[in-house]
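Please treat every number below as a calculation from the coordinates, not as lab data. In this text, all values refer to a predicted model and were calculated from it rather than measured experimentally. Note that we place each Cβ from the backbone using ideal geometry, even for glycine, and neighbour counts take in every protein chain shown.
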Amino acid sequence: MAETHAGPIAVTGNEAVAEAMRQINPDVVCAYPITPQTEVVQLYAQMVADGAVDTEFVTVESEHSAMSAAIGAAAGGARTMTATSSQGFALMWELLYVAASYRLPIVMTTVNRALSGPINIHCDHSDTMGGRDSGWLQIYGENHQQAYDNCLQSVRIAEHMDVRTPVMHMYDGYVISGAIGPLVILQDEKVRDFIGPFKAINPMLDVEHPVTVGPFDGLHGWYFEHKVAQNRAMDRSFKVIQDVADEFAEITGRHYGLLEPYRLDDAEIAIVVIGSTAGTTRMVVDKLRARGVKAGMVRVRVFRPFPHEAYAKALEHVKVVGVMDRADSFGAQGGPLFLEIRAALYDSDPRPQVLPFVYGLGGRDIFPDNIEQAFAVLEETARSGKRATSERRYLNLRKD
């Protein structure tokens, strides 16, 4: 394993990502501050001012402008990054689709925060879950180390010739972004070797080879074919994501997959969860195992493209699966993750029961007891052998 800096350092999640960006040293960063992402670009702007990087930092008047500028920079042939949260993410909405349809390898850090209203600045996943069909790849991290590692890997994934699609990587606001945790940093030269030089594809600024970016693609154009091409790139990205993770493991010893199973091999009940709550869930699984309960867990890493075949295989033997969403889908049968997991398991024979749980909206605390309550529902359902209702169960909801 390659040498890293001696031992872990204590940083916030935002500091971890700013450090990753320093090592990547992109050509252009276009960003606007928004809580709880602000520290990422504030720290990076200071690095630019101090001459620690040679990035062109573009200050803009809104997140809509930030993504507009990022699109222009990437289309011009620059390695481009940005960052946002919540309402800023929502303000980028129309441009997210443009960046993806132009196949621009922009990397965006998104620090998860609830969408208003009512006004709320705390963590849930309603922002990025709202953009799950925008054409961006989505990778979720659990802790400070994963925020750093996912940032580095996202660059390689986005720029791979089989993908050439923008990537957003996420971690929980405040819980990770502002809290202090351990981080092991790679040496700068190792990061440079891993990332490699940027190779622009059909850049607008190559005047010897003029291209058109953003043409009208109407009724008799190729719009349909372009959308299919995007989806095929998504399909190809499964292999690229895993290949990049395997290469990253060779230099760090830290292994990543499309998903992360935990004590799942003989599990009869299991919970699927995203983000920092995976750590608490892992502790609950260990507690239940000590009592003889065959409990397991899967942590979501890649949400787009959704690795449905991997989930079907990982969970095929489990009797009852609980899915914990930190976002809700209004008017649907459950949260976004629940809908994906249920669809992934539909063709399984026998088919596990899949039950929806919603938690942590607007930053509401989630305690081990709440997760134990979810496991108790799964355990009782498995014991009874009967089909339970798929009505949402809200964890740590105040009583009327």
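Tell me, what HN-Hα J-couplings in whole Hz come from the Karplus equation 6.51 cos²θ - 1.76 cosθ + 1.60 at θ = phi - 60° for each residue of region 301-306, using x for Gly and Pro?
Values, residue by residue: 10, 9, 9, 9, x, 8 Hz.
For region 250-309, state which trypsin sites (Lys or Arg not before Pro) are in a DSSP loop and have at most 12 other beta carbons lying within 10 Å of their beta carbon.
Values: sites: 254, 263, 282, 287, 289, 291, 294, 299, 301; in loops: 254, 263, 291, 294, 301.
Passing both the DSSP loop test and the Cβ count: 291.
Show me the chymotrypsin sites (Phe, Trp or Tyr not before Pro) within region 329-390 that DSSP assigns to loop and that have at most 15 other Cβ atoms within 10 Å of their Cβ.
330, 346
Got a sec to turn the phi values of region 93-110 into Karplus ³J(HN,Hα) couplings, 6.51 cos²θ - 1.76 cosθ + 1.60 with θ = phi - 60°, whole Hz, x for Gly and Pro?
Result, rounded to whole Hz: 2, 5, 6, 4, 5, 5, 4, 6, 6, 7, 6, 9, x, 6, 10, 10, 7, 10.
What is the Cα centroid distance between region 211-243 and region 107-122, reported in whole angstrom?
Comparing the Cα centres of region 211-243 and region 107-122, I get a distance of 28 Å.
Nearest 10 degrees is fine. How inclined is helix 223-252 to the longest principal axis of the chain, computing both from alpha carbons?
Computed tilt is about 80 degrees.
Compute the long axis of helix 38-50 from its Cα atoms, compare it with the longest principal axis of the Cα atoms of the chain, and write down the angle in degrees, 0 to 90, nearest 10.
That works out to roughly 30 degrees.
Need the C-alpha centroid separation for region 331-349 versus region 45-89, integer Å.
Region 331-349 and region 45-89 have Cα centres separated by 36 Å.
Looking only at 172, 206, 124, which one moves most when the chain is put into a Gaussian network model with springs between Cα atoms under 10 Å?
Its mean-square fluctuation being the largest, the pick is 206.
Filter the trypsin sites (Lys or Arg not before Pro) in region 356-400 to those in DSSP coil with at most 10 other Cβ atoms within 10 Å of their Cβ, and list the result. Spell out each step's value before the answer.
Values: sites: 364, 383, 386, 387, 392, 393, 398, 399; in loops: 364, 386, 387, 392, 398, 399.
Loop-located and lightly packed - 386, 387, 398, 399.
Taking only the Cα atoms of the chain, how large is their convex hull per residue, in Å³? Please list the in-between numbers first.
On the way: hull volume 62.1 nm³, N = 400.
Cα-based convex hull of the chain, divided per residue, equals 155 Å³.
Starting from the Cα of residue 343, step 7 Å along the direction of its Cβ; do the same at residue 116; then give the gap between the two resulting points in nm.
The answer from the label model is 3.2 nm.
Any idea how far apart residue 222 and residue 249 come out in nm if each label point goes 7 Å out from Cα toward Cβ?
Going from the residue 222 label point to the residue 249 one covers 3.8 nm.
With runs of 4+ DSSP H residues as the only contributors, calculate the mean residue ellipticity of the chain at 222 nm using -39,500 (n - 2.57) per run, divided by the residue total and rounded to the nearest 500. Provide the component values of the computation, followed by the final result.
Numbers: 13 runs with 160 residues, N = 400.
Value at 222 nm, helices only, nearest 500: -12500 deg cm²/dmol.
Once a ≥ b ≥ c are taken as the square roots of the eigenvalues of the Cα gyration tensor of region 259-394, is the result rounded (a/c under 1.5), prolate (a/b larger than b/c) or oblate (a/b not larger than b/c)?
Values: a/c = 1.22, a/b = 1.03, b/c = 1.19.
It is rounded, given that a/c, with a ≥ b ≥ c, falls under 1.5.
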